[in-house]
Structures are given as structure tokens and as C-alpha cells.
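K.L.:
Have a look at this one before I ask anything.
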Amino acid sequence: MPTITLPDGSTRDYQDAVTALQIANDISPSLATAAVAAKVDGHLYDLNREIETDVPVAIVTRDSDDGLEVLRHDAAHVLAEAVKELYPETQVTIGPAIDNGFYYDFARETPFSEDDLEVIEARMREIVERDETITRDVWSRNDAVSFFRERGEEYKARLIERIPEDEAITLYRQGEFIDLCRGPHLPSTARLGTAFKLLRVSGAYWEGDSKNEMLQRVYGTAWAPDKQLRQYLRRLEEAETRGLRERGRHM
């Protein structure tokens with residue numbers, strides 16, 4: 001019977017294991033709607049991951065710093081799913097959240113074009129509309145390595161082999177797409193919303209080492225509300241205009 005301690009010091013008792021989403025709903029339906037993850041004893045958890053012991057729990061909302069990082073990480077996974085659907089021969093490598101956005105590195109012979117980015121972003125929006133449930137599973141190391149190698153995902157297999165022996169191997173599924181990840185993630189792709197945009201593509205070496213293979217890195221930005229996305233894109237446009245003016249003065 002877990003006792004949950006909330007940030008204000010109040011407690012809630014549950015007869016059985018409980019999820020952060022249940023806790024958020026008990027506090028307020030509006031909080032559950034805004035929730036994207038939870039901090040359980042200081043560690044970020046999926047909203048649907050069960051809590052079985054007495055711990056402090058804080059609900060993470062989409063407009064918080066932690067919440068924004070979760071959104072951006074999910075945007076990277078949706079990007080990877082879109083690329084695999086459109087270009088199945090592509091291998092996925094890593095896709096983290098970064099300042100103001102996210103990226104994902106892909107291994108493929110043909111570089112992505114600007115036109116490709118428009119097609120990929122349109123597929124990402126389709127995936128969000130599908131409202132695919134996102135689930136977390138713990139796999140054995142050998143099963144996970146075999147799973148990815150059988151599908152031609154050599155980079156993922158390499159990453160798994162380097163994970164310390166005492167760490168769990170967690171895979172996340174959304175639709176038909178399965179990716180290696182520590183998480184946390186949103187309950188479904190629809191929770192990502194529409195405030196994202198693919199920005200550019202560049203080359204990037206595997207593991208940042210120029211002796212390794214060159215990958216294709218797709219950058220994007222993601223925000224909680226659409227208004228913040230529009231403001232960010234406007235700032236980028238203004239910065240680009242200033243840069244063109246400065247270069248013009250020195251020509």
C-alpha cells in the first residue's frame with residue numbers, strides 16, 4: 001500500500017500500485033491533461049509506470065523545463081518513426097533532446113534534402129494524429145541485441161552492448177516502431193501536440209569521431225504551445241536576416 005507524498009507535503013494512500021497519471025487525475029483532471037511525466041523520488045518516470053513503494057511524487061507538466069525536455073525527446077522518436085516508415089532502409093542511431101529542440105542521427109547512403117524534410121514532417125504530424133500508445137518494456141540484453149541485428153539496426157545493437165551490465169535494457173514501442181531508450185516518454189504520440197518543426201539537416205560522425213562513419217543529422221525544434229514555436233521561428237528568421245545584412249556589409 002504505497003503512500004505518495006506530494007510537493008506540498010500532503011500525502012495520498014493507495015491500496016495497490018499506482019501510476020503517476022492516476023495520481024494526477026486524483027488531484028485534478030486538468031493536471032492530468034497537462035501532465036507529460038512525473039518525478040518519483042527525484043527520478044523522471046513515465047506517467048503509466050507503476051509506483052509500488054512509499055515515495056515523493058511530483059507531476060511534470062508540459063510547460064515546465066523537465067516537461068519540455070520530455071516533449072522534445074518524444075519529437076525525436078516521432079521523427080525516427082516517420083523516417084523508418086518513409087525510408088525503411090535507413091538505420092536509426094541516437095536522438096536526444098537539446099537546447100530549443102531535438103535531433104536524430106540516421107545512417108543512409110542518400111543524404112536527406114530540404115524537400116525530404118517537408119515530407120518527413122508531414123508524416124510526423126500523421127503519427128501524432130494516430131494517437132499511438134507508447135509503452136515501455138524491459139528486455140534481456142541478448143534479446144535486444146538480436147532484435148535489432150535481425151532488423152539491420154547495427155548501431156542500436158552496438159549501443160546496447162555498451163550499456164553497463166547493471167543497467168536495465170528498456171525499449172519503447174509506439175505503433176510498429178520500437179526504439180532503445182531510458183525514457184521517460186509520453187503516454188501516446190498525440191500528447192506531443194503540433195508545436196514542432198524540422199529545421200535542417202547536416203552531416204555528423206558516429207560518436208563524434210571523424211574516423212567513424214558519416215551520418216545524416218536532422219534537427220528540429222519543439223515547444224509546449226504553438227505560440228512559443230511561432231516566436232522561436234520568428235527569432236530564427238530575424239537572426240538569419242541580420243546575418244545576411246552583416247555579410248553584405250563585408251562584401
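The values are calculated or read from the model by the stated rules, or taken from the named source; none is laboratory data. On a predicted model such as this, the values are computed, not experimentally measured, just so you know. For neighbour counting, all protein chains shown are included, and Cβ atoms are generated from backbone atoms with ideal geometry for every residue, glycine included. What goes into the accessible areas is simple: the full protein's heavy atoms, side chains included, and nothing from ligands, DNA or RNA. Shrake-Rupley method; radii C 1.70, N 1.55, O 1.52, S 1.80 Å.
K.L.:
Enter the accessible area of residue 89 (Å², nearest 10), with the probe set to 1.4 Å and all protein chains included.
P.N.:
Taking all protein chains as shown, residue 89 has close to 120 Å².
K.L.:
I've got another one for you. Give the calculated FRET efficiency between residue 182 and residue 126 to the nearest 0.05, with a Förster radius of 25 Å applied to their Cβ-Cβ distance. Can you show the working numbers first?
P.N.:
Working: r = 27 Å, r/R0 = 1.07.
According to the calculation, E is roughly 0.40.
K.L.:
Using a 1.4 Å probe on the protein heavy atoms, what percent of the accessible area of the stretch 151-223 belongs to carbon and sulfur?
P.N.:
On the way: 1520 of 3390 Å².
Whole-percent figure for carbon plus sulfur exposure: 45.
K.L.:
If you don't mind, another one. Along the charge dipole of the stretch 19-60, which of 51, 33, 20 sits closest to the positive end, that is, farthest toward it, with unit charges on the beta carbon of Lys, Arg, Asp and Glu (+1, +1, -1, -1)?
P.N.:
Of the candidates, 33 comes out farthest on the positive side.
K.L.:
Kindly write out, for the stretch 13-19 in residue order, the coupling ³J(HN,Hα) from the Karplus curve 6.51 cos²θ - 1.76 cosθ + 1.60 (θ = phi - 60°), rounded to whole Hz, with x marking Gly and Pro.
P.N.:
For the stretch 13-19, the Karplus-derived couplings read 9, 10, 6, 10, 3, 9, 9 Hz, x marking Gly and Pro.
K.L.:
Sticking with this one: Compute the Cα gyration tensor for the stretch 139-198, then decide on rounded, prolate or oblate, letting a ≥ b ≥ c be the square roots of its eigenvalues: rounded whenever a/c is under 1.5, prolate when a/b is larger than b/c in the other cases, and oblate in all that remain. Don't skip to the end; give the middle numbers.
P.N.:
Working: a/c = 2.34, a/b = 1.83, b/c = 1.28.
It comes out prolate by the Cα gyration axes.
K.L.:
Of 77, 43, 185, which is the most mobile in a GNM of the chain whose springs link Cα atoms less than 10 angstrom apart?
P.N.:
Result for the chain, Cα springs under 10 Å: 43 fluctuates most.
K.L.:
Quick one, which of (1) 69, 45, 31; (2) 58, 40, 31; (3) 49, 37, 36 is the actual Cα extents along the principal axes in Å calculated for this model?
P.N.:
The value matching this structure is (1).
K.L.:
Looking at 104, 77, 160, which one has the Cα that reaches farthest to the positive end of the dipole of the chain (charges on Cβ: Lys, Arg +1; Asp, Glu -1)?
P.N.:
So the residue furthest toward the plus end is 104.
K.L.:
Once phi is turned into ³J(HN,Hα) by the Karplus curve 6.51 cos²θ - 1.76 cosθ + 1.60 with θ = phi - 60°, what whole-Hz value does each residue of the stretch 151-161 show in order, with x for glycine and proline?
P.N.:
9, x, 9, 5, 5, 5, 4, 4, 4, 5, 5
K.L.:
Can I ask one more? For a label point 7 Å from the Cα of residue 173 along Cα→C-beta, name the residues of the stretch 111-136 whose backbone N is under 12 Å from it.
P.N.:
Only 133-136 pass the distance filter.
K.L.:
Let me check something: with ligands and nucleic acids excluded, how do 201, 60 order by accessible area (1.4 Å probe), largest to smallest? Intermediate values should be presented prior to the final figure.
P.N.:
Details: 201 35, 60 10 Å².
Descending accessible area places them as 201, 60.
K.L.:
Return the long-range amide H neighbours of residue 132 (sequence gap of 5 or more, or a different chain), with a cut-off of under 5 Å between placed amide H atoms.
P.N.:
189, 190
K.L.:
I've got another one for you. Using θ = phi - 60° and the Karplus form 6.51 cos²θ - 1.76 cosθ + 1.60, what ³J(HN,Hα) does each residue of the stretch 178-194 get, whole Hz, x for Gly and Pro?
P.N.:
My calculation for the stretch 178-194 gives 10, 9, 6, 6, 7, x, x, 9, 5, x, 7, 5, 4, 5, 5, x, 10 Hz in order.
K.L.:
Compute, for the chain, the length of the dipole vector about the Cα centre, with Cβ point charges of +1 (Lys, Arg) and -1 (Asp, Glu) only. Units Debye, rounded to 20. Provide the component values of the computation, followed by the final result.
P.N.:
Working: 32 positive and 48 negative charges, 202 e Å.
That gives a dipole near 980 debye.
K.L.:
Starting from the residue with the highest accessible area, list 211, 197 in decreasing order, probe 1.4 Å.
P.N.:
Working: 211 180, 197 80 Å².
Largest to smallest exposure gives the sequence 211, 197.
K.L.:
Using modelled backbone amide H atoms (1.01 Å from N, in-plane), which distant-in-sequence or interchain residues come within less than 5 Å of residue 60's amide H?
P.N.:
Long-range HN contacts for residue 60: 36, 37, 38, 39.
K.L.:
What does the charge dipole of the stretch 1-94 about its Cα centre add up to, to the nearest 20 debye, if the Cβ of each Lys and Arg holds +1 and the Cβ of each Asp and Glu holds -1?
P.N.:
Working: 6 positive and 17 negative charges, 34 e Å.
Result for the stretch 1-94 is approximately 160 debye, rounded to the nearest 20.
K.L.:
Would you pull out the residues with amide H under 5 Å of residue 215's amide H, same chain only if 5 or more places away, H placed 1.01 Å from N?
P.N.:
For residue 215, whose amide H was placed from the backbone, the distant partners under 5 Å are 204, 205, 206.
K.L.:
Given a 10 angstrom Cα cut-off, can you work out which residue in 193, 183, 208 is the most mobile in a GNM of the chain?
P.N.:
Its mean-square fluctuation being the largest, the pick is 208.
K.L.:
Name the most mobile residue of 91, 15, 228, meaning the one with the largest mean-square fluctuation, in a Gaussian network model of the chain with Cα contacts below 10 Å.
P.N.:
The residue that fluctuates most here is 15.
K.L.:
Roughly how tilted is helix 141-150, in degrees to the nearest 10 and between 0 and 90, from the longest Cα axis of the chain?
P.N.:
40
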